[in-house]
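Submitted below is the structure of interest, expressed as structure tokens.
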Amino acid sequence: MSGEITLSTLGQFHDQGYRFDLWCPRCQRGKTVTAEKFVSKLRSDHPIKVADHVRCSECGGKGIEARIRPPTPDVNQRLPGQ
């Protein structure tokens, strides 16, 4: 089980650098957000299921799709010789 990560709470999700891709099927808009917003609203021990707690900032619609986006390495870590 080497390399396997289990995340069950927003606090763990945030601490590991994961983010959410949020998509509104109603107005076809989306954005990527950190878990920090959800931790402050729902607390760090809340499960990572957040879609029921989101409204579209453009059209006000519910039914937002929330997808998990893994951490992205710092650009300096990806460049050879750095």
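Values in this text are rule-based calculations from the coordinates and carry no lab data. Nothing here was measured: the structure is a model prediction, and the numbers come from that model.
In the chain, what is the count of Lys pairs whose alpha carbons are under 16 Å apart, counting only pairs at least 8 residues apart or on separate chains?
On the way: Lys31/Lys62; Lys37/Lys49; Lys41/Lys49; Lys49/Lys62.
Going through the chain pair by pair, I get 4.
Also, I was wondering about something else. Could you state, as a whole-number percent, how many of the C-alpha pairs of the chain are farther apart than 21 Å? Could the numbers behind the result be given before it?
On the way: 1274 of 3321 pairs.
Value for the chain (Cα pairs over 21 Å): 38 percent.
Separate question: Suppose the chain between Asp15 and Gln28 were pulled fully straight at 0.36 nm per residue; how much longer would it get relative to their current alpha carbon spacing? Walk me through the intermediate numbers first.
Working: separation 13, 0.36 × 13 = 4.68 nm, distance 2.95 nm.
Full extension of this stretch gives 1.7 nm more.
Can you give the helix-only mean residue ellipticity at 222 nm for the chain, where every DSSP H stretch with n ≥ 4 adds -39500 (n - 2.57) and the sum goes over all residues, rounded to the nearest 500 deg cm²/dmol?
The helix-only estimate for the chain comes to -4500 deg cm²/dmol at 222 nm.
Moving on to the next point. Can you tell me, using C-alpha contacts under 8 Å and at least 6 residues apart, the relative contact order of the chain as a whole percent? Display every interim value, and only then the final one.
Details: 115 pairs, mean separation 28.2, N = 82.
This gives 34 percent for the chain.
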